[in-house]
């Protein structure tokens, strides 16, 4: 039974990762922000191999940030207006 729930979580995380990658790709943000978000998604993907539940939590937080318009700062801006 636990294996079935683990498989279900894998499917859920895979579907959410696919959606997140699509959303990041279509965001109207500076390229530096898009790259930072892509790196976060790659880190979540890599962590899913070792800690699926932790990756699911991190992905949920990232998706909530995207929903609420919270993005990382553009590394190319360096605090200039």
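The table that follows gives values for the structure above.
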{"read-out": "Difference of contour (0.36 nm per residue) and Cα-Cα distance, residue 49 to residue 7", "value": "13.9 nm"}
{"read-out": "Angle between the chain longest axis and helix 2-26 axis [Cα atoms, degrees, rounded to 10]", "value": "20 degrees"}
{"read-out": "Contact order normalised by residue count of the chain, Cα under 8 Å, 6+ apart, percent", "value": "34 percent"}
{"read-out": "Spin-label model distance (nm) - residue 70 vs residue 31, 7 Å beyond Cα toward Cβ", "value": "2.8 nm"}
{"read-out": "Ranked by how many other beta carbons lie within 10 Å on average, peptides 45-52, 63-70 from highest", "value": "45-52, 63-70"}
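FYI, it's all coordinate maths here, none of it is from the lab. As the structure is a prediction and not an experimental result, all values here were calculated from the model. Note that we place each Cβ from the backbone using ideal geometry, even for glycine, and neighbour counts take in every protein chain shown.
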